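Below is one structure, written out as structure tokens; comments come after it.
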Amino acid sequence: MASILVSSSENYSGKSSICSGLGLILKERGKSVGYMKPVGNLLVDVDGVLSDEDAEQMRDLLALETPRSCITPIMLTENLTNDALLGVEKHLDETLKQAYSEVSRDKDMVIIEGEGGIGSGAMYNLSDPQVASILDSKILLITRFDSVSAVDRILCDIELIADRNMLSGVILNEVEEDKIGMVRDMVVPFLEKKGVKVFGVIPRDHTLGAVSIAEIVEDLRGDVLTGRQEMGNLVEHYLVGAMEVNSAIKYFRRSPNNVVVTGGDARIYRWRL
């Protein structure tokens, strides 16, 4: 049985998407896949039981029957933080090992999702490298390539990994189209000369960050007054309409797929942008 801990340089770098993709690919290849998010930081109530939002999505996606208490054995609550600050010994490493034993039973591969950035959880001795060491797992580091400073983040991140053999490699995510050539021709060779294996360069796809109008309505618990037939349209940008219409229209046309937030006492116009 093998395992990989998917870590990242920062929050919202694409860890969950990578975990989902890996899980589905492995299942398509006939592998039995387990999943674990050791420290739950996106807490949700599921039928009166505390769980983690990412873990719930993966549990549904991979049709996992493993108990929630094993998939996410440790919850990032105020009590946990206070105990850590007060030096209360909670033997969380043992909690992790016991849960992992259940998650990995009869599995070919276990995907472990990190909490946030690679150092998150260090105050509980549960940073991603510490968790990987406890569970004897390799680390896959995901970095959002917003600029060349991402290289600095990667090099600093790997300094947190005591055993460099624990690092499997990195994936550069959300690379803007105009930077793809530079990343492939310069950044990847630079990192590999430093001994950092680059498994992939993923271009940025703005539609992946979009949500449907229906999802916005659901989250806001709103009522739809008109245009119900367009509820499936995707929203990529948000604009606040706080000026006269003829002046505002030039801003609305600068980017596609906008939702415009305006006052209820304003005259309502509809544009196709």
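The values are calculated or read from the model by the stated rules, or taken from the named source; none is laboratory data. The structure displayed is predicted, hence computed values, not measured ones. Please note: Cβ atoms are built from the backbone with ideal geometry, for glycine as well, and neighbour counts cover all protein chains shown.
Under the condition of being among the basic types (Lys, Arg) and farther than 29 Å from residue 108 by Cα, the residues counted in region 56-86 number 0. Taken together, 191, 167 contain a single residue that is closer than 22 Å to residue 204 by Cα and either at pLDDT 95 or above or aromatic (Phe, Trp, Tyr) (or both), which is 191. Checking each residue in region 1-31 for being touching a residue at least 40 places away in the same chain (Cβ under 8 Å) and of a type in the set (Lys, Arg) picks out 15, 31. Applying the selection to region 170-189, what residues are buried (at least 16 other Cβ atoms within 10 Å of the Cβ) and at negative phi? Hits for region 170-189 are 170, 171, 172, 173, 175, 179, 180, 183, 187, 188.
Assuming residue 202 fulfils every condition listed in (1) modelled with pLDDT of 80 or more; (2) under 29 Å from residue 173 (Cα atoms); (3) assigned to a loop (DSSP other than H, G, I, E, B) apart from one, which condition is it? Among (1) modelled with pLDDT of 80 or more; (2) under 29 Å from residue 173 (Cα atoms); (3) assigned to a loop (DSSP other than H, G, I, E, B), residue 202 violates only (3). When residues in region 1-23 are screened for being out of contact with any helix residue (DSSP H, G or I) (no Cβ under 7 Å at 6 or more places or on another chain) and among the hydrophobic types (A, V, I, L, M, F, W, C), 5 of them pass.
Residue-by-condition table, conditions (1) touching a Pro at 6+ places or on another chain (Cβ under 8 Å); (2) free of Cβ contacts under 8 Å to residues at least 60 places away in the same chain; (3) crowded, with 16+ Cβ neighbours inside 10 Å:
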{"residue": "132", "(1), (2), (3)": "no, no, yes"}
{"residue": "145", "(1), (2), (3)": "no, yes, yes"}
{"residue": "156", "(1), (2), (3)": "no, yes, no"}
{"residue": "161", "(1), (2), (3)": "yes, yes, yes"}
{"residue": "200", "(1), (2), (3)": "no, yes, no"}
{"residue": "211", "(1), (2), (3)": "no, yes, no"}
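Across region 35-93, the qualifying residues are those that are within 15 Å of the chain's Cα centre (by Cα) and small (Gly, Ala, Ser), and the one among them that is farthest from residue 4 (Cα to Cα) is 40. Taking region 1-105 and the strands (runs of 3 or more DSSP E) fully enclosed by it, the elements with 1 or more residues that are crowded, with 21+ Cβ neighbours inside 10 Å and either of a type outside the set (Val, Ile, Thr) or assigned by TED's automatic domain parsing to the domain that holds residue 134 (or both) are at 2-8, 33-36, 49-52.
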